[in-house]
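The values are calculated or read from the model by the stated rules, or taken from the named source; none is laboratory data. Predicted, not measured: the structure shown is a model, and the values here were computed from it. A quick note on method: Cβ atoms are made from the backbone with ideal geometry, for glycine too, and the neighbour counts reach across all protein chains shown.
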């Protein structure tokens, strides 16, 4: 018995020793310091390991038998959601790659990753040939049919070559619409849109564990028959069509994809489109999954959208040398109101708030009234500073980042600006002081 135990004790460490490696080179090397490895699942990204990137840009991960096959993500900078790329690890082969921020990732070894990259490149070149044919308005139907034949054969080749691999899931899901005969440009474009998601299985866990579904969605919404004369309307129409495609998709995938799309529209300042997604899809999904954090974010975004009434809060103003308690909604002293969320401990604020005061003085009396909400941990320094800005309406935001006013406006940094009209409706949310000046200067 003792001998058997000893043999197992010796064997176990050898089983857990490195089986394969993921290694590579980042360039230019001085731009990179570390790389993190995550195993991606449909629900979460699980941390695996981290490695330093040396002065030559080299890194290496030693993977033992506990690291199972699947889709992995290499993160090389912060924020992690922006600076990463996927790799396929099949637990059968080493992976060697090179990465450059301009050219992306190139695989030197790993059959699956190289085949997927080769497939993507081949199909891209064929798509370029189709586009060139239609741009040149060629009438040679046989030439077009030959391109379609090449596309069909390329798809078949890569599907056969990657049989029983993880890469096959991506290749099959990316299968394009290929006509059986020549079509004119409009018919072909219309059919591309109709069949864009035909090969995509939204229940496939490999696809769910990668960026594939999100990228496919973005390509459709932003790239398929977009009307440059009214982008918001074009995007909204594409989102309606995409919603039909997702009708029978798993609810967790619906929520993830619509959340990504909502966030993208919010980041691009397409408020009407973001609110359309929220009202028609995402709000119901947040409620049905009891996602209170998402629900709060959606409500907050809607409540602070252009055209909405600004959330109300209490203020004190001087009337006949006496302080009188009022609400923001009660103010009737200007055509526009600038709400600035600032802090006495914020260096940018201490630079910009004096500039704001100087700028407002250059404008016609009654055009702009500043309401300055200071997010503070304690009032003493703030109170002293308020005497420098006698024309402002000052509000003490006790609790700093836990202050209700700041939370109602979704403030996460100082200074943050909002511009309201005389009815206390949002008319602009300038990113900085320069954007605030541009708004008012353009009104003149």
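At a glance:
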{"item": "Matching helices (runs of 4 or more DSSP H) fully within region 325-444 where at least 2 residues are within 34 Å of the chain's Cα centre (by Cα)", "result": "347-361, 404-408, 433-443"}
{"item": "Which numbered condition residue 351 fails, given (1) touching a helix residue (DSSP H, G or I) at 6+ places or on another chain (Cβ under 7 Å); (2) more than 24 Å from residue 309 (Cα to Cα)", "result": "(1)"}
{"item": "Residue match in region 121-129 (condition: closer than 21 Å to residue 190 by Cα and in contact (Cβ under 8 Å) with a residue 40 or more places away in the chain)", "result": "yes"}
{"item": "Selection count, region 278-298, where residues are surrounded by 13 or more Cβ atoms within 10 Å (Cβ to Cβ), within 22 Å of residue 406 (Cα to Cα) and without any contact (Cβ under 8 Å) to a residue 12 or more places away in the chain", "result": "2"}
{"item": "Filter result for residue 39 (modelled with pLDDT of 95 or more, in contact with a strand residue (DSSP E or B) (Cβ under 8 Å, 6 or more places away or on another chain) and over 14 Å from residue 99 (Cβ atoms))", "result": "yes"}
{"item": "Any hit, region 148-159, residues being crowded, with 16+ Cβ neighbours inside 10 Å and under 22 Å from residue 210 (Cα atoms)", "result": "yes"}
{"item": "Test: residue in region 371-387 that is under 25 Å from residue 440 (Cα atoms), surrounded by 13 or more Cβ atoms within 10 Å (Cβ to Cβ) and in contact with a helix residue (DSSP H, G or I) (Cβ under 6 Å, 6 or more places away or on another chain)", "result": "yes"}
{"item": "Selection from region 133-147 of residues that are within 12 Å of residue 180 (Cα to Cα) and in contact with a helix residue (DSSP H, G or I) (Cβ under 8 Å, 6 or more places away or on another chain)", "result": "144, 147"}
{"item": "All helices (runs of 4 or more DSSP H) inside region 239-323 with 1 or more residues being assigned by TED's automatic domain parsing to the domain that holds residue 219, closer than 24 Å to residue 339 by Cα and within 20 Å of the chain's Cα centre (by Cα)", "result": "251-267, 271-277, 292-303"}
{"item": "Condition met for residue 206 (assigned to a helix (DSSP H, G or I), surrounded by 15 or more Cβ atoms within 10 Å (Cβ to Cβ) and assigned by TED's automatic domain parsing to the domain that holds residue 172)", "result": "yes"}
{"item": "Residues of region 85-119 that turn out to be touching a residue at least 24 places away in the same chain (Cβ under 8 Å) and either under 24 Å from residue 214 (Cβ atoms) or in a loop (DSSP other than H, G, I, E, B) (or both), as a count", "result": "20"}
{"item": "Test: residue in region 168-176 that is part of a loop (DSSP other than H, G, I, E, B) and in contact with a helix residue (DSSP H, G or I) (Cβ under 6 Å, 6 or more places away or on another chain)", "result": "yes"}
{"item": "Subset tally (residues that are surrounded by 14 or more Cβ atoms within 10 Å (Cβ to Cβ) and within 24 Å of residue 367 (Cβ to Cβ)) for region 388-402", "result": "5"}
